[in-house]
1. What's the angle, to the nearest 10 degrees (0 to 90), between helix 246-256's Cα axis and the longest principal axis of the chain?
2. Taking the beta-carbon count within 10 Å as an exposure proxy, list 320, 332 from fewest neighbours to most.
3. Out of (1) -0.42, -1.14, -1.26; (2) -0.41, -1.29, -1.45; (3) -0.36, -1.13, -1.30, which label holds the value of log10 I(q)/I(0) by the Debye sum over Cα atoms at q = 0.08, 0.14, 0.15 Å⁻¹ that was computed here?
4. Rounded to the nearest 0.05, what FRET efficiency do residue 140 and residue 225 have when you use their Cβ-Cβ distance and R0 = 35 Å?
5. Summing -39500 (n - 2.57) over the DSSP H runs of n ≥ 4 in the chain and dividing by its residue number, what mean residue ellipticity at 222 nm do you reach, to the nearest 500 deg cm²/dmol?
6. What list do you get for 261, 227 if you sort them by fewest beta carbons within 10 Å?
7. Given labels modelled 7 Å from the Cα in the Cβ direction, how far is it in nm from residue 267 to residue 237?
8. For the chain, what relative contact order do you get, as a whole percent, if you take Cα pairs closer than 8 Å and at least 6 residues apart?
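Just so it is clear, none of the values below were taken in a lab; they were calculated from the coordinates. Remember, predicted model here, so these are calculated numbers, not experimental data. Please note: Cβ atoms are built from the backbone with ideal geometry, for glycine as well, and neighbour counts cover all protein chains shown.
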């Protein structure tokens, strides 16, 4: 019901499942609390002294921003003591993060990107946090890397938070997609976007076109058609968007449709895609599918990919179903 606080909404969802213990509800509330703290830090910008480079690289060899490091630390501190997790995976840590021995363990795992789109932070554009929740194969012992190597279809919940003009939390527990806006006056996430649906058709696409020379032929064909519009055989003209922040791109798709592509390319055979499967592609694919859209690597459903590494990368094509199906069809035609 619009106007419900997040906790009220989750309790109502919990009551629909007679076997629910409430542990997932409490974990999601803990994640939301961490996102509130991150939103506050992002909102303060230069006043907090956290803008600029950290002078270090993450496990993927990418230069870290100060806020990358700070938000990672905030997520870990907010979740490690709760008793709902047996381990965590973060974009900013090479290995799984254990739960300290002083704290109880729970039956869930979480993988997260604490600050998606951090290259935008110094120019005051939208950034966000992405998370995926899985069941722990064995919650009686510390989690290991293989415990996280579950296909996306096994996610029990996923979500992301956009820190923009408003702070919005998007959430699915496998029963549709709902959006909650942070009411700063009361410090609560309030349901403002119930049952979000991705339109099947769209006239918008988002891609980093500076990489065009590296794309495979199916993506070259699709983008060329979009750029030419009615002059190239399409039934309509298209607009291009690119924010370099996956949370902002997916939020736009959920609210008005679109297709987002970060395809594989031939620059580096060791990196068949740019985005990480466990804490970017899988949670976003789950959300988009729950909203009626589609999510593919171009050759297979993202949620069906069997992970081989906690920081594995995959191509990502997601959004309005008819456009994603068109791109997938072009891949099928070329083998």
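1. For 246-256 against the chain, the angle is about 70 degrees.
2. Details: 320 26, 332 11.
So the ranking, lowest neighbour count to highest, is 332, 320.
3. So the structure-derived entry is (3).
4. On the way: r = 54 Å, r/R0 = 1.54.
With a Förster radius of 35 Å, E is 0.05.
5. Working: 7 runs with 92 residues, N = 335.
-8500 deg cm²/dmol, from helical runs alone.
6. Details: 261 22, 227 16.
So the residues, fewest neighbours to most, are 227, 261.
7. Each label point is offset 7 Å from its Cα along the Cβ direction, giving 3.1 nm.
8. On the way: 723 pairs, mean separation 52.4, N = 335.
Reported as a whole number, the value is 16 percent.
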